[in-house]
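Since every read-out is calculated from the coordinates, none of them should be taken as a lab result. Being a predicted model, the structure only gives us computed values, none of them experimental. Here the Cβ is made from the backbone with ideal geometry for all residues, glycine too, and neighbour counts use every protein chain on show.
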Amino acid sequence: MNTSTILYLLGVAVVLCPTMLVVGLGLPLLFGRPLTESTQTRLAKGCAYLGLTSAVAILITMLITGIREVPIEFGNWVEVHEEGFHFHLKLVFDRLSVPFAILSYVLCGTAGAFANIYLQGDRGYDRFFILYAFFMLGIIVSTVAGTIETLFFGWELVGLSSALLVAYFHERPGPVRNGLRIWSIYRFSDAAFLVAALLLHHLTGKGDFDILMGEGTWPNGTAVITSWQALPVGLLLLLAAAGKSGMVPFSGWLPRAMEGPTPSSAVFYGALSIHLGTYLLLRISPLLNASPTLSFAVVVLGAISAISGSLMARVQNDVKNSLAYASLTQIGVITVEIGLGLRYIALIHMIGHACLRTLQLLRAPSFLHDHKAMENAVGIRLNTNDCAVPKTTSPLQLVVYRFAYERGYLDTLIDSFLVQPFVKLFRFFNECERSWTEALSGTKPDEQRQPSADLELVEEMV
Amino acid sequence: MLQDSSIPNSVPIASTERDQRIESIRSLVQRASHLLPSQGPIEEFVHHNTLHVYEDRPFHQAVLDGQKQFQAEPYLSEAKYRQLCAEERISDGDLKAVVASDLGEASDQIIAGLATREQIRMEMLCHPILDGSAAELQWIIHECNALTRFRPTTSEESQENIIRSTRSWVGKLDAANRKLLPELEELRSKIGHRRSTWNASDWETFALHSLWNLCLNGVEKLPRCEEKPLQFVRPRDVFLHTTGEDIDRTVNEILIRFCGAFLDQGFSDWHLPNRELGFLASFTSLHSHPSKGMPPWFRDVPQALSELSSSGITPEESIESSLSRLGIGEADREEFVSQTLLALGGWAGMINILETHRNKVGRPVPHGTLIEFLAIRLILEEHALRHLTRETTSSDGSIATELSHARKSIVHRDEIPAERRGFILFQLAQFLGWTPAQLSELSPEQWKELADEADSFPEIERRRTFHEAYERKYHDAALKAVLAHSHRVNHETQQSTQRPLFQLVTCIDDREESFRRHLEETEPRCETLSVAGFFSVAMYYRGAADSFFQALCPGVMTPNHYVVEDVGYTFERIHRDRTRLRRRLERANHAIHTQSRTFFGGIVAGIGGSLATVPLVARVLFPRLTARTREYFGAFLRLPPVTKLQLERYQSDPGPTNGHIGFSVDEMAENVVRMLQELGLLKPEDFSQLVIITGHGSSSLNNPHESAYCCGACAGKRGGPNARAFAAMANDWRVRSKVAEANIQIPDDTKFVGAYHNTCDDSFVFFDLDRLPASHRNTIESARVAIEEARRRNAHERCRRFASVSLTVSPQDAIRHVEARSQDISQARPEYNHATNALCVVGQRKWTRGLFLDRRAFLNSYDPATDDDDHSVLLRILSAAIPVCAGISLEYYFSTVDSKIYGAGSKLPHNIVSMIGVMEGTSSDLRTGLYQQMTEIHEPIRIQFIIESTPEALLSIMDRNESIGRLCRGHWVKLSVFNPETSEAFVFDGNEFQPLDVSLDELPEMTSSLECYQGSRANIPFYSIVEPPRHRSQPLRESLSEQQFGAAGAR
């Protein structure tokens, strides 16, 4: 067996493990015979260990042999020759995807072990673990994706399972409403992603990253498209990344994501899901090299997010929210680093940040315990040590506080500049359709039924 | 609009009238505030009766009032009770007894010549009764097999009886040439006119149709019952009903965020601007600038707020004018204010607590904050309502007129449809085997009698009956078990006159019951006693590693004395160095925690963050190993091995500074006397050589409710220092000589030792063992050996309740498991706390020693022989025990029957906010009560007190202590007294004590606790544990070799 066969098998194993988990947990549920809690745990544990081992083995092999990129082909799954469309499944293991895959396995595995005890005996245990499996599959596929359509596939799985995990406590209206809102924002950024993918296909004829990025392995690739071609694609992908990572102006969904059980908010929002956007930016970094304008846009967006995030984090008074906005700050900083071309630093920062945040979120319920211990050791009441804002508040401070407190007014802005026009547009279409149908069928307008109640219900949720 | 309404700033009002109105609003809010949850900041969790506000009325009345006011469940669901019936946890005999005692004389009264009232009620309890809205019943009748098949639980006998008599009834009618009801004629023509061809199922269908139509006909002629019309006091409810839009959602979102910032005890880096000006002013300054970014309904609020602040009117006046603009009538005001505050009850309750108990937190809120909160809330509601009416009706009328329009549009169904009453009788007819012939003979009066009888036993009454029967089974069994066991003790075992090897005094806590039982099993020569776990030492305490004093005494007391833990001269230097090191490390830790959330700190922390993987993975996957490693490496930070309590005061007045710290000798003697009296230890022969005083507490990770698991008698803190202080006092010769003046002779060779038991990881630590003379060396060694084994067995008994532990686990693995459990950050149930508590026995331990109580009983030592004629010792014991145990029991009751409203819901999404409580997710009401994982194994029954005393004593105590009287007379707790010498018992029925007249059965016997509980996760019945022949030194030595002493090391 030569090295490339070994690498091929290991690569397949990395993706196969979560797939097996989805099948293993999903099929019994589908047939109404859920596995016992301990079997599910064993299955999840086995898959995480196996996947992690394979990913580490790839890393070691790559380090020993000096191979810097391992593509794994699964061929075209859909081909429409006339239109020149094809769905090309391909994985790439390189210096970017391997560390991130290892990170995903470590964090997912830890979260699984945590959730197994934390959720023990809960009614939604099965549901949590099947969503967990889908999430893991999604994150691994998007990590090692070699074509933009493969990435999109994983990206969608992550989005869907995350939104459903937010709505985990579906007997209360709050989590469901928040889950739906997150799902809508994801859809919006997905649309941008999809348009970018189509554009990319038009420009290069293919969605492969290595062709798009031209010669050289990550991060040294150079794009084969021109600067002006790169800009629209890059901007669309930036929009997609901003939605996924909760950057400004989409950061309103961050606190809403904390509705789920602690392990899912910790790992999925604190650590993995939220870094997927910056991961995408890293993946397309040759595009950034090709277009300075695009790089500038990335830096600006990152800087705005980082500054807003750090302001907002300062006024939060609950543990999970303050960690959510602290994550946003670092996501912004990472984005700036990417825009400035500091690829390796961004990668290290991303991995370190993900681990730290997961630990902090998982330990969040210990806050009072830890705080007391600290106070006793330090010998002063830590909370009376207020120097950040003096007693008399200056108008400027009030303005800054208000901005942070209102979370940059972003929710309302999105509502009035995105949701409302969108709803209005589709109401208009609805109206048009109705009048055409009336005209064609000759029925009178008053016989038409009222706009359906479902529509309003959905709007209310959004 | 706000500005054109009647804000009374231009109209001069006579100041007295104005004052009166302000006063009336204040008292409105004051009264409403009693309904709010009274749980304080979560760091000091004290169990209390969730429905404390209704404690002045009887329990069953109170739970119904609770249902009306809070929409909370009063009991478990009927389905749950039926399941308990099926599991035989509720017996038919108990149900019958409860029904009979409810009906009294009337139970044999025959209704409509068909059945007695008791029979009817019993049938309604034994069979699930289908009921529902008219539409639901229509569906059941027409789409299900309700009219073609008997209800599944109908007895064979009734079925046969009904079908047989239907046959003869139809035959007779035909013979007499009389017509059937039209519906039945129709059915007959459908099945076929020749009855001989009908098969069994045709007859079943026909019989059921006959019954149904007869019942329906019978009931339809009756005068209709009025149903209570829907009443909405809050405009929000009216519009929610008519439009489906909930304004509370948007209003709450604003208020939650603001309350979080306002009540913050120091979590956020930036404090709320102008917080010191108060709730209203601070809210105004934050929200008075209009901005595009505000949600549409909020856009007029800034203007309204600035007008409010410039007009100089008081919050009370603002409330008053809001009330009139919202069109709230004078009569509805109180209800409206209560409901409005309850819409965000957790936060409002916390404001109320922080305003009235200002010493609870570092940053209290000023008086009047709740009123300002209400004023703001009403202004917000007004704007939200206005926005809503504009959106939905596009009219611009005032809220009051819109409201009256909306109210008119609500259609009231004001009578119960005949189908509902008929269908219940139809089901009863099947269960009781009433025949069509019988029913067709009934007069309208008899139909009325029948229907009224069924109506008089609605779902809520049935649930109450189930509940009484549910409690009755356990309470009866418990009382009989205590009697039977004490009878056995009296007659079978000879009283040993030998001095006990050692005595162990614990808290009355139900979790110590099993520990004591195992200790007595391991070392039969020992004796255990119990008393409220602060051991009569109420103090502010500061440990050597602590920086602040904390009150260690029951929540209702305020200590006067201060005690600190000191390191001696020898270790002073080491201690200073270590304190400095600890301080530096924790400062760094604090910096990492807070700075990692900031911009630059975050970058550094993020880049080095990969290091966090190590603690992350280690803590989740190997909690026990991680904890041990931390402990090992933490050794250079720990306190020096020897510390002492600074317990004696040299200055006259107590205080927190040097010289003023501690107790005077007289005060110490007073404490010692008080506790020894409660324990009934007065004579020299009562004392053994060694008395171990054991405080308790609990430690767990990732548990915001950690304090709820600690000692209730120390207000949710750890009681070790109290035990240590008591032991030191009682060892003092000067104290002993003063104690002797109170006629309590402590023998010279008796030594007291303090200890601490952690109920979560079952560790056991002694204090100040070095002070013990060499003469006691052997005794303490045997005590340690016995305790080591007892804690292992105790852990084993606890593990049977944990679903993640196999039932075949060994004691050694069990103790390892509970140690890991307390250190596991992923554990939502570090221990089960007081869950399953149901009993409190006050009396001498000898009557309950060897009785398997399954960790469900609080035990309080009391010896009536040592009490005076006024029962003053019992009064003292009960004035602590009854309110405390009742508080625990009732909080568990309510959090179990309705975990959403009375309890805190599931722990999984909990999020600590403002350092005072938990929310679900990031924007919810503050959750009070107990969370669902804490109560999942609890049986929601009221606690029963079994007291070794006389009815007269208890009656006089009830008169003397108002709180005890209220709880006992209102049936909030069950009460009985027993006399172990005569095996008599009396049960309190709310007015007087009734003698218990039942023959006592022998309790089943077991040879050890292990045998009682082995292999089961469920609740265990009572057993007498009869000591097997002695060969117990064998297993002891075995387990010791495995692990030398373990955590039972001395400190």
Reference-scaled alpha-carbon Rg (2.2 N^0.38 Å with N residues) for region B:753-826
1.30
Would you mind checking region B:147-178 for residues with the amide N under 20 Å from a putative spin-label position 7 Å along Cα→C-beta of B:R194?
B:167-168, B:170-172, B:174-175
Count charges around A:I274 for me, please; just the other residues with Cβ under 12 Å from its Cβ, Lys/Arg as +1, Asp/Glu as -1.
+2
Which helices, counted as full DSSP H runs in chain A, have an axial Cα extent of no less than 18 Å and a Kyte-Doolittle average of 0.0 or above?
A:3-30, A:37-65, A:97-118, A:125-144, A:148-166, A:173-204, A:227-245, A:292-315, A:319-339, A:343-362
Least to most buried among B:R386, B:R420, by other C-beta atoms within 10 Å and fewest first, runs B:R420, B:R386
Sort all Cα-Cα distances of region A:152-204 into consecutive 5 angstrom bins from zero, then give the percent of pairs in each bin up to the one containing the longest distance.
5, 21, 23, 18, 13, 9, 6, 4, 2, 1
Gain in span if fully extended, B:S782 to B:A865, counting 0.36 nm per residue against the direct Cα distance
26.8 nm
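Looking only at chain B, where both bridge partners belong to it, what percent of the DSSP beta bridges are antiparallel (to the nearest 5)?
Roughly 45 percent of the DSSP beta bridges within chain B come out antiparallel.
Just want to confirm a number: the relative contact order over chain B, from Cα pairs under 8 angstrom separated by 6+ residues, in percent.
With pairs under 8 Å counted, the relative contact order is 16 percent.
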The protein assembly as shown: equivalent-ellipsoid semi-axes (sqrt of 5 x gyration tensor eigenvalues, Cα, Å)
54, 49, 36
Amide H to amide H, which residues 5 or more places from B:L851 or on other chains are under 5 Å from it, using H placed in the peptide plane?
B:I1025
Once you have the Kirkwood Rh of chain B from its Cα pairs, apply Stokes-Einstein at 4 °C and 1.567 mPa s and quote D in µm²/s.
39
Which lysines does B:K974 reach when only Cα atoms under 16 Å apart count, and residues fewer than 8 places away in its own chain are ignored?
B:K473, B:K480
So how far apart, in nm, are the two label points at B:S310 and B:E1027 if each is 7 Å from Cα heading toward Cβ?
8.7
Where Rh is the Kirkwood radius over the Cα pairs of region A:213-371, the temperature 10 °C and the viscosity 1.306 mPa s, what D in µm²/s does Stokes-Einstein return?
100
Can you sort B:D761, B:D332, B:D925 by how many other beta carbons sit within 10 Å, fewest first?
B:D332, B:D925, B:D761
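Normalise the Cα radius of gyration of region B:572-637 by 2.2 N^0.38 Å (N = residues in it) and let me know the number.
Numbers: Rg = 14.6 Å, N = 66, 2.2 N^0.38 = 10.8 Å.
The reported ratio for this selection is 1.35.
Evaluate E = 1/(1 + (r/R0)^6) for B:S810 and B:F633, where r is the Cβ-Cβ distance and R0 equals 30 Å; express this FRET efficiency to the nearest 0.05. Could you put the intermediate results ahead of the total?
Values: r = 30 Å, r/R0 = 0.99.
Computed FRET efficiency for B:S810 and B:F633: 0.50.
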If you add up the charges near B:F535, with Lys and Arg at +1 and Asp and Glu at -1, over every other residue whose beta carbon is less than 10 angstrom from its beta carbon, what do you get?
+1
Charged-residue dipole, Cβ positions (Lys, Arg, Asp, Glu), the protein assembly as shown about Cα centre, Debye nearest 20:
4460
Projected label distance in nm at B:R580 and B:S999, using a 7 Å step from Cα toward the beta-carbon
8.1
Rank these for me by crowding, B:M958, A:M247, going from fewest to most other beta carbons within 10 Å.
B:M958, A:M247
Would you mind classifying chain A by shape? Square roots of the alpha carbon gyration tensor eigenvalues, ordered a ≥ b ≥ c; an a/c under 1.5 is rounded, otherwise it is prolate if a/b is larger than b/c and oblate if not.
rounded
Expressed as a percent, the portion of alpha-carbon pairs in region B:531-607 spaced more than 21 Å apart is 55
